[in-house]
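Where a number appears in this text, it was derived from the coordinates with a stated rule and is not lab data. None of the values given here were measured: they were computed from a predicted structure. Cβ placement follows ideal geometry from the backbone for every residue including glycine, while neighbour counts extend to all protein chains displayed.
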Amino acid sequence: MSELVGRVALVTGGTRGIGLATVKALRAAGATVVLTGRDQAAADKAAAETGATALTLEAGDFAATGNVVKQVAAEHGGLDILVVNAGIMESGLLGMIRAEDVSRTLDVNVSGAVAAVQAAARAMARKRTDADGNPRKGGSIVLLASVVGTYGAAGQSVYAASKAAVASLARSAARELGGRGIRVNAVAPGVIRTDLTASLPADVLDKQSAAAALGRLGEADEVADVIRFLAGDGARYVTGQVLGVDGGLIV
Ligand SMILES: NC(=O)c1ccc[n+]([C@@H]2O[C@H](COP(=O)([O-])OP(=O)(O)OC[C@H]3O[C@@H](n4cnc5c(N)ncnc54)[C@H](OP(=O)(O)O)[C@@H]3O)[C@@H](O)[C@H]2O)c1
């Protein structure tokens, strides 16, 4: 599979889970991939494992996020694919929510996504040439929303609100950037087996598994394959969509 040969991709939060699986999927399709992690050693390890290169990033830092995108575009002669994957999930019933948890979740999940999309849009709008000297313009941005952004989840009000914002960002950015050849979509995973969901109680996971039409939880590579599709030319007429990857949790 070589549909992404010559494309430059940035995956935020590429050290683990869905991000790492996405790095692998994009690499397998031939893309040059830069991944980010908060810790240099962890990012280097993921990069060595996948043939990507690594940068550190705290996604809650708006300026730093924009600068990382700019750096990748400058070092690789442009940016074709951005996957805004870095995200956090704070759980807690409404009565337990603290102001700092709200700020942190919105900073990482929403502000970080806005900063990345803003900087990527600037880079992708620029004319450039690929490795074979062919002119290129535009690009594909994929954001990580969640089923809870649409349907809600008790104990996850802030996280759900942040993911609803991400889905909305994808739609608005798609409208704004389509004329420049930039597609913006989101995936909305159900419950995927990663570190993020490992802390959920077993009975919650069992319930979610049973509620999915496919009768099981999802795996990170099953989300990554959809992200790779949205990133590539197979999805060239797809923009502004929030695509469920939830095993039929929501139908
Ligand atoms: N798993 C699910 O069921 C599920 C469902 C719906 C949506 N999602 C979304 O999918 C995305 C990935 O989830 P996951 O399950 O793969 O999570 P994960 O296993 O916890 O991995 C999270 C990734 O994000 C990075 N990250 C976390 N906080 C960061 C920060 N403040 N700044 C920069 N990077 C940060 C982590 O990097 P470090 O190595 O530096 O910690 C890691 O690479 C998230 O946006 C999540 O909300 C997941």
Under 25 Å between C-alpha atoms is the cut-off here; go through the chain and count lysine pairs that meet it, provided they're at least eight residues apart or on different chains.
10
State whether segment 147-217 is rounded, prolate or oblate according to the following rule on the C-alpha gyration tensor (a ≥ b ≥ c being the square roots of its eigenvalues): a/c under 1.5 gives rounded; otherwise a/b larger than b/c gives prolate, and the remaining case gives oblate.
prolate
Equivalent ellipsoid semi-axes for segment 8-245, as square roots of 5 times the alpha carbon gyration tensor eigenvalues: give them largest first, rounded to whole Å.
28, 18, 18
Using the alpha-carbon centroid of each, what span in Å lies between segment 78-131 and segment 1-24?
16
Calculated P(r) tail over 17 Å for segment 40-121, as whole % of Cα pairs:
54
Can you give the relative contact order of the chain as a percent, counting alpha carbon pairs under 8 Å and 6+ residues apart?
19
By average Cβ neighbour count within 10 Å, what is the ranking of 73-81, 45-53 from highest down?
73-81, 45-53
Can you give the helix-only mean residue ellipticity at 222 nm for the chain, where every DSSP H stretch with n ≥ 4 adds -39500 (n - 2.57) and the sum goes over all residues, rounded to the nearest 500 deg cm²/dmol?
-13500 deg cm²/dmol
If one computes P(r) from the Cα atoms of segment 192-242, what percent of pairs lie at distances over 12 Å?
71
